[in-house]
Each structure stands twice: as C-alpha cells, then as structure tokens.
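Engineer: Take this structure, written in structure tokens, and hold onto it; I'll ask about it next.
The values are calculated or read from the model by the stated rules, or taken from the named source; none is laboratory data. Keep in mind the model is a prediction, meaning the values are calculated, not measured. For neighbour counting, all protein chains shown are included, and Cβ atoms are generated from backbone atoms with ideal geometry for every residue, glycine included.
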Amino acid sequence: MIEIKHLSKTFQMKDGAVNALKDINLTIPDGSIYGIIGMSGAGKSTLVRCINLLERPTEGSVVIDGTAMETLNAAQLRERRREITMIFQQFNLLMQRSCLKNICFPMELAGVKKAEAEKRARELLEVVGLPDKANAYPAQLSGGQKQRIAIARALATDPKVLLCDEATSALDPNTTHAILTLIKDINKKLGITVVVITHQMSVVEEICDHVAILDGGVVVEEGSVQEIFSNPKTPAAKRLVAPNGGSAARDLSSFAPDDHVVRVTFNGSSTAKPLVASLAAEKGILVSVLSADTRDLSGQCYGSMLLKLPADVEQAKQAAAYMRAQPGITVEEVTGE
Ligand SMILES: Nc1ncnc2c1ncn2[C@@H]1O[C@H](COP(=O)(O)OP(=O)(O)OP(=O)(O)O)[C@@H](O)[C@H]1O
C-alpha cells in the first residue's frame, strides 16, 4: 500500500517559490490501478516523482508498505526503487542498446548474472508480445513497440508498483488501447499496483478503479472512478468528466425550429447506444442523434444526447414515453428553446 501523507513540494526559484504540491493525502491500495489526473501544471509529474523519491518532498511523507521513503539512505533507496519502477511518455530507452540489452539493464545494475538476466528478458519479451524483437534496436520500433519494451524493462526487477507517467500520451488511440490493455493484464496477472498519471479522462475511464483529481497542486476529489464520474463535485472534476458541462449542446444548424427535439440525460444506469437501437427494435421508431456528450463507464452511461423524434406526433409521444420508462434516464423537451 502506498500512503501519501501531508505531502507538499515547493520549488525555490529566483523569482519566488512555486508550491507545486500542497498537503496531498492519498492511499493507493495494493493491486489497484490508481489514476492521478489533472490539467497541465497541476503537479502530476512532481507527485509521481515524489512517490519514488526522485524528488524529495518539502514536507510530509510517502509510506510504501510501512516504510517512509524519506527515511531511507541512498543504498536502501536504490534497492527500494527496484520495487517501484516507472514508464514515461518518451519511453526513455537506451538507443545504442538492443531491446534485449535494454531489458537486461536494470538486472545488470542489480547484479543479476548475464545468462539469467537474458533468460528473464526473453520471458518478458513474451509477456509484452514482442518475442521477435530481442536483437532489434529502439530506432527500429514503433512508439507502441518502444513502450512495450519499456514495460518489459520496468518489469525486469519484479516490481510491486508500476508508475506510468503519461505513458500513452505520445501514442495514437489504437496503440493507446493496446498498451492500456497490456498494463491491465500485467496488473491482473502479476498483481502489480499501477499508478497512472494522465491528463486524459479516457485513460482513467479505460483502466483505473480509483482516481484522484489534482488541480493547482491540491487533490480536489478522490474516490472510485464510478463515484467521481457519476457525481463530479468540483469545477476541476466537472471540467475533466464532462468538458461540455455534461449537456449535449444544441447545434442550431443541425435541426429546423419545428423539429421535435428532446434532451435525454443518462445518470449511470443505462447505456446510450442500446437505447436508440432498442427503441427501433422494440417499437419500430427511428430517432436521429443530433449531438451527444456521453461517457460509458463499465457499461453505464453519463451525460446527455439531443434526439430528433419522428414528425408523427403519436410516434414521438410513444418514443418519449418509452425512453422515460427506462431507469436512470430523464427526457426533456427542447423544441422551441
Ligand atoms: N524542477 C522544477 N523547478 C521549478 N518548478 C517546477 C519544477 N518541476 C515542476 N515545477 C512546477 O511545478 C508545477 C507542477 O509541475 P508538474 O510538472 O508536476 O505538473 P504536471 O501536472 O505534470 O504538468 P504537465 O502535464 O504539463 O507535465 C508547475 O508550476 C511547474 O512549473
């Protein structure tokens, strides 16, 4: 378990002090995938660097499995860092070394014999799905493949914690999905606690079970992803969860003034797509989606959609009644707004 207690970090600059983190208190349970999310400059990287003591907190403590990290001497800290490894946005691979040698590197530092290190490195290449890249160099790999090698290297010392600092921010959506799936698998199969630092809600949505929202160096909300998504309280959380205010905007160009339009709001107990599909399948009524600002989270939907109902008054009534009868959905008329 990682306990962050009253942690503050101040950078003293020529022109004054920067309070990057202020009185952070978090508990990251063993085996969880814990997201720390915030806008640029919120303090995410500083926090993750404080967790493995690459940065020394100005005040407060990081306690990992009962040990306060700041009490360790340099040798103990080096030892401990093998248990808390990290991957980065820019992969940080050694370009002049082959993939196999990159993965062997932390084992070399830990004094593991060469043959043993290479055997383990080959196993890890299998784990990350790149058994054929042992002799390739990082320059010959795609971004996603580089991150896989970085993950293999991070796993080489059998860590308990994997810190991911914007690990998918340089990758396209498909590659991001593949890397997040790999991280999730590793968390499940190896029981490694994962801390995910990101500015993207979609990343939190996809893999995290817990999330802390950082804003201006302060944790403004913390809880299960489900809780935070269903009921964001602070402006920072609302900005991240529903950038458009959680309400599909009416796009005046997309419908005529006499169209019959409703705003359907989802409050977590149903999913957006099946609603429109089931209305068609069960009632034979077709509606058009004019705009949508919804998020699916573990099969539940939050946010709203604007739907154009059929011109036929009876069908429109039936459609509205059908949707109102679904749990977790409210339907309001917006025609004539
Ligand atoms: N070494 C440093 N010296 C001085 N100020 C720093 C240092 N590192 C970070 N800061 C400041 O601390 C604040 C938080 O920075 P940090 O990099 O932790 O934010 P972040 O949330 O990771 O942002 P980004 O997503 O843009 O990387 C910023 O105001 C930044 O300028």
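Engineer: Out of all the residues in region 151-175, which are under 16 Å from Val128 (Cα atoms) and within 16 Å of the ligand (Cβ to nearest atom)?
Structural biologist: Cys164, Ala167, Thr168
Engineer: Determine, yes or no, whether Arg122 is among the charged types (D, E, K, R) and in contact (Cβ under 8 Å) with a residue 40 or more places away in the chain. Let's see the steps before the verdict.
Structural biologist: Values: among the charged types (D, E, K, R): yes; in contact (Cβ under 8 Å) with a residue 40 or more places away in the chain: no.
So Arg122 does not fit the description; no.
Engineer: Could you run through region 47-56 and say how many residues are near the ligand (Cβ under 9 Å from one of its atoms) and either under 11 Å from Glu70 (Cα atoms) or not assigned by the TED database to the domain that holds Val18 (or both)? Step through it out loud before you land on a result.
Structural biologist: Within region 47-56, the subset near the ligand (Cβ under 9 Å from one of its atoms) is 47-49, 55.
Checking the rest, the ones that are also either under 11 Å from Glu70 (Cα atoms) or not assigned by the TED database to the domain that holds Val18 (or both) come to 55.
Here the count works out to 1.
Engineer: Which condition breaks for Met69 when tested against (1) touching a residue at least 24 places away in the same chain (Cβ under 8 Å); (2) surrounded by 17 or more Cβ atoms within 10 Å (Cβ to Cβ)?
Structural biologist: Looking at each condition in turn, Met69 falls short on (1).
Engineer: Shifting gears a bit: Just to check your reading of the model, which residue among Lys283, Lys273 is of a type in the set (D, E, K, R) and modelled with pLDDT of 85 or more? Talk me through it step by step, then tell me what you get.
Structural biologist: On the way: Lys273 fails: modelled with pLDDT of 85 or more.
Being of a type in the set (D, E, K, R) and modelled with pLDDT of 85 or more holds for just one of Lys283, Lys273, which is Lys283.
Engineer: Go through (1) over 28 Å from Pro138 (Cα atoms); (2) within 22 Å of the chain's Cα centre (by Cα); (3) of a type outside the set (Ser, Thr, Tyr); (4) within 15 Å of the ligand (Cβ to nearest atom) for Gln89 and report which single condition fails.
Structural biologist: So Gln89 meets the others, but not (1).
Engineer: Check Ala170 against each of (1) modelled with pLDDT under 95; (2) farther than 18 Å from Leu54 by Cα; (3) part of a helix (DSSP H, G or I) and name the one condition it does not meet.
Structural biologist: Every condition holds for Ala170 apart from (3).
Engineer: Please work out if Ala75 is away from the ligand (no atom under 15 Å from the Cβ), exposed (fewer than 14 other Cβ atoms within 10 Å of the Cβ), free of Cβ contacts under 8 Å to residues at least 24 places away in the same chain and of a type in the set (A, V, I, L, M). So that I can check it myself, show each step before the final result.
Structural biologist: Numbers: away from the ligand (no atom under 15 Å from the Cβ): yes; exposed (fewer than 14 other Cβ atoms within 10 Å of the Cβ): yes; free of Cβ contacts under 8 Å to residues at least 24 places away in the same chain: yes; of a type in the set (A, V, I, L, M): yes.
Yes: the conditions hold for Ala75.
Engineer: Moving to a separate point now. Only residues that are closer than 18 Å to Gln89 by Cα, within 16 Å of the ligand (Cβ to nearest atom) and either in contact (Cβ under 8 Å) with a residue 40 or more places away in the chain or crowded, with 23+ Cβ neighbours inside 10 Å (or both): list them for region 177-211, please.
Structural biologist: Val195, Val196, Ile197, Thr198, His199, Gln200, Met201, Val203, Val204
Engineer: Then there is this: Among the residues of region 102-161, which ones are aliphatic (A, V, I, L, M) and in contact with a strand residue (DSSP E or B) (Cβ under 7 Å, 6 or more places away or on another chain)? Reasoning before the result, please.
Structural biologist: Start the filter on region 102-161 by keeping residues that are aliphatic (A, V, I, L, M), which leaves 103, 107, 109-110, 112, 115, 117, 121, 124-125, 127-128, 130, 134, 136, 139, 141, 149-152, 154-156, 161.
Ala150, Ile151, Ala154, Val161, listed by residue number.
Engineer: Considering region 9-46 alone, what residues qualify as being in contact with a strand residue (DSSP E or B) (Cβ under 7 Å, 6 or more places away or on another chain), under 15 Å from Val195 (Cα atoms) and either within 10 Å of the ligand (Cβ to nearest atom) or outside any strand (DSSP E or B) (or both)?
Structural biologist: Matches in region 9-46: Asp30, Gly31, Ser32, Ile36, Ile37, Gly38, Gly43, Lys44, Ser45, Thr46.
Engineer: Out of all the residues in region 94-117, is one or more within 15 Å of the ligand (Cβ to nearest atom) and surrounded by 14 or more Cβ atoms within 10 Å (Cβ to Cβ)?
Structural biologist: no
Engineer: Do we have Glu59 as surrounded by fewer than 20 Cβ atoms within 10 Å (Cβ to Cβ), modelled with pLDDT of 95 or more and within 16 Å of the ligand (Cβ to nearest atom) here? Full working, then the answer.
Structural biologist: Numbers: surrounded by fewer than 20 Cβ atoms within 10 Å (Cβ to Cβ): yes; modelled with pLDDT of 95 or more: yes; within 16 Å of the ligand (Cβ to nearest atom): yes.
Yes, satisfied.
Engineer: For residues that are out of contact with any helix residue (DSSP H, G or I) (no Cβ under 7 Å at 6 or more places or on another chain) and either more than 20 Å from Met201 (Cα to Cα) or surrounded by fewer than 18 Cβ atoms within 10 Å (Cβ to Cβ) (or both), tally how many sit in region 149-176.
Structural biologist: Of the residues in that region, 10 qualify.
Engineer: Since Leu54 meets every condition but one in (1) surrounded by 14 or more Cβ atoms within 10 Å (Cβ to Cβ); (2) modelled with pLDDT of 95 or more; (3) outside any helix (DSSP H, G or I), which condition does it not meet?
Structural biologist: The failed condition is (2).
Engineer: Is there a residue being assigned to a helix (DSSP H, G or I), surrounded by fewer than 16 Cβ atoms within 10 Å (Cβ to Cβ) and of a type in the set (Ser, Thr, Tyr) anywhere in region 137-147? Walk me through it before giving the result.
Structural biologist: Initial filter on region 137-147 (assigned to a helix (DSSP H, G or I)): 138-140, 143-147.
Imposing the further condition that a residue be surrounded by fewer than 16 Cβ atoms within 10 Å (Cβ to Cβ) reduces the set to 139-140.
Applying the additional criterion that residues be of a type in the set (Ser, Thr, Tyr) yields none.
Checked against the condition, which is being assigned to a helix (DSSP H, G or I), surrounded by fewer than 16 Cβ atoms within 10 Å (Cβ to Cβ) and of a type in the set (Ser, Thr, Tyr), region 137-147 yields no hits at all.
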